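The values are calculated or read from the model by the stated rules, or taken from the named source; none is laboratory data. Quick caveat, the model's predicted, so the values are computed rather than measured. Here the Cβ positions follow ideal geometry from the backbone for every residue, glycine too, while neighbour counts run over all protein chains shown. For the accessible areas, the whole protein counts, side chains as well, though only heavy atoms, and no ligand, DNA or RNA atoms are used. Shrake-Rupley method; radii C 1.70, N 1.55, O 1.52, S 1.80 Å.
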Amino acid sequence: MSHPEYQQKMFQEMEEKSIFEQARSYAYEYIDGIPEMPVFPSPENIKNLQAFDEPLNESSSTGREVLEKLHKWGTPATIAQIGGRYFGFVNGGAVPASLGVKWLADVWDQCGGLYLTSPINSKLEQVCEKWLVELLGLPQGTVAGFVSGTSMANLCGLAAGRFRILKNAGWDVNAKGLYGAPAVRIVAHEQIHASIKKTLSMLGFGIENIEWVPSDEQGRAIPEKIPELDSSCLLILQAGNVNTGGFDDFVNICDKANKAGAWIHIDGAFGLWAAASKSRSHLTRGIEKASSWSVDGHKTLNTPYDSGIVLCKDEEALVSAMQASGEYIIYSDYKDPLLYTPEMSKRSRAIELWATLKYLGKQGIDDMVTGFHMRAKQLEAGLSTMDLELLNEVVFNQVLVRARTEEITKNLVAAIQESGECWLAGTSWNGTAAIRISVCSWATTEADIEHTLDLIQSCLQEVAV
Ligand SMILES: *Cc1c(COP(=O)(O)O)cnc(C)c1O
């Protein structure tokens, strides 16, 4: 049988598999090169990305050419995210099984929206939902939506809260929108993550309408400063402050909020995993009293990117908020993932999440989370011997520190970043420059921390003169 030329080429590449072999060999080279590669690309390698500034070719390329180009110019311009010395933001690594499974699942290319478009994804979403509820100690009946990250999970949780609060007030927000709706009070603390502000704007609430709760020196909401709540309140709390790693006092705050009939959403992007660790679970005590939660797979759990989860104990509220209708949608008796998320067609991301959970098991997750904390304590101990001021209680995986002056702090961050030996970010804390170090990769060893401490010490000597 003869096919048109474009199709012939693709059938041939699928049959020969040489492009997959090529990708595999680049990937192996990458994995083996990680310990030696600069954690952040050199200015020259970044400049070389100009190689991609070209007009789109008229005629087709071969798969080999495309991969070659990406490897040649793209690989040297990557961040060594899967290595042990990337401490920026709260970006996690990726455990080996999750990467392997992602490769396989990428070949499957499953559309994860419906049971009918991917029974395997639907099944694994159900399994992950059950495991997560158990691991995190959430109420039975809590449902999960699998989204791109915590920003999206926050959007879903807050949309569910918005739906429920207005429904209870006799207002169907899906049908009537927010014009003329009874007021919803948004109560959030000063140190809430930027993504919450983003989602509140998207939900039509407006940042200026937020009733701010002051936070303490560890970036936790001060329970006594929470205003009188009522059933029109959406209260937003945090498990893991991005700077300090601090956790709100859920036990006290949630009891009070529940009595008032408020909806409580907990942003636990990286911190919620403390619940899965015996040594750290005291930090999340009381989270089960909330109404909705968001958490990332791609941070503390070390799944590959594009893995966030919204958990909600009010299934009707979440599903109603994410309402989907259309005559062509065929629902099943099984879990139809699109009922729980904004997207319809979506990557079957529960597959990597399932793989990561299965691979680590309860003990492995506990060990990994505990390991982040231990490495963070090791950093704290080393930094405390230097001419630096520690700014946080290292309760989890975040270490916050600053030098004697603003200028030294900023120069120190720049010198460390330029070294290419590790990467950490500058931040602002109580109006002054600070350095934030996040231990969030399974691959970070004690030796990596030693190496990082030596580097910080020598950079400090250099910039502090
Ligand atoms: C990272 C983070 C977010 C945003 O999550 P994404 O996965 O980046 O969308 C929200 N809240 C906190 C506390 C975070 O650390």
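What's the number of the condition residue 82 fails, among (1) among the hydrophobic types (A, V, I, L, M, F, W, C); (2) open to solvent by 50 Å² or more (accessible area, probe 1.4 Å); (3) assigned to a helix (DSSP H, G or I)?
So residue 82 meets the others, but not (3).
Just give me the residues in the range 299-319 being open to solvent by 20 Å² or more (accessible area, probe 1.4 Å) and at negative phi, in sequence order.
Correct list: 299, 305, 313, 314, 315, 316, 319.
Checking residue 333 against (1) over 16 Å from the mean Cα position of the chain (by Cα); (2) buried (at least 22 other Cβ atoms within 10 Å of the Cβ); (3) part of a loop (DSSP other than H, G, I, E, B), which single condition isn't satisfied?
(2)
Do we find that residue 127 is buried (at least 18 other Cβ atoms within 10 Å of the Cβ) and touching a helix residue (DSSP H, G or I) at 6+ places or on another chain (Cβ under 7 Å) in this structure?
The answer is no for residue 127.
Would you check if residue 120 is assigned by TED's automatic domain parsing to the domain that holds residue 348, free of Cβ contacts under 8 Å to residues at least 24 places away in the same chain and open to solvent by 20 Å² or more (accessible area, probe 1.4 Å)?
So residue 120 does not fit the description; no.
Give the residue that is most open to solvent (accessible area, probe 1.4 Å), with candidates limited to residues of the range 261-283 that are away from the ligand (no atom under 15 Å from the Cβ) and part of a loop (DSSP other than H, G, I, E, B).
278
I need a count of the residues in the range 215-233 that are within 16 Å of the ligand (Cβ to nearest atom) and either within 19 Å of residue 158 (Cα to Cα) or touching a strand residue (DSSP E or B) at 6+ places or on another chain (Cβ under 6 Å) (or both).
Within the range 215-233, the subset within 16 Å of the ligand (Cβ to nearest atom) is 215, 218-221.
The next check asks that each one be either within 19 Å of residue 158 (Cα to Cα) or touching a strand residue (DSSP E or B) at 6+ places or on another chain (Cβ under 6 Å) (or both); those that pass are 215, 221.
Qualifying residue count, the range 215-233: 2.
Mind checking which residues of the range 130-156 are more than 18 Å from residue 306 (Cβ to Cβ) and either of a type in the set (Phe, Trp, Tyr) or away from the ligand (no atom under 16 Å from the Cβ) (or both)?
130, 131, 133, 134, 135, 137, 138, 139, 140, 141, 142, 143, listed by residue number.
Name every residue in the range 56-105 that is under 19 Å from residue 358 (Cα atoms) and not aliphatic (A, V, I, L, M), in order of residue number.
Within the range 56-105, 92, 93, 96, 98, 100, 102, 103 qualify.
Taking the range 374-394 on its own, how many of its residues are buried (at least 21 other Cβ atoms within 10 Å of the Cβ) and in a helix (DSSP H, G or I)?
Number of matching residues: 4.
Just to be sure I understand, how many residues within the range 179-197 are more than 16 Å from the ligand (Cβ to nearest atom), buried (at least 16 other Cβ atoms within 10 Å of the Cβ) and either not in a strand (DSSP E or B) or not assigned by TED's automatic domain parsing to the domain that holds residue 237 (or both)?
Residues in the range 179-197 being more than 16 Å from the ligand (Cβ to nearest atom), buried (at least 16 other Cβ atoms within 10 Å of the Cβ) and either not in a strand (DSSP E or B) or not assigned by TED's automatic domain parsing to the domain that holds residue 237 (or both): 2 in total.
Can you tell me which residue in the range 247-260 is nearest to residue 222 (Cα to Cα), limited to those that are open to solvent by 10 Å² or more (accessible area, probe 1.4 Å) and in contact with a helix residue (DSSP H, G or I) (Cβ under 8 Å, 6 or more places away or on another chain)? Steps first, please.
Let us first name the residues in the range 247-260 that are open to solvent by 10 Å² or more (accessible area, probe 1.4 Å), namely 247, 249, 251-252, 255-256, 258-260.
Restricting the remaining residues to those that are in contact with a helix residue (DSSP H, G or I) (Cβ under 8 Å, 6 or more places away or on another chain) gives 247, 249, 251-252, 255-256, 258.
On the way: 247: 11, 249: 8, 251: 13, 252: 10, 255: 15, 256: 13, 258: 17 Å.
Selected residue: 249.
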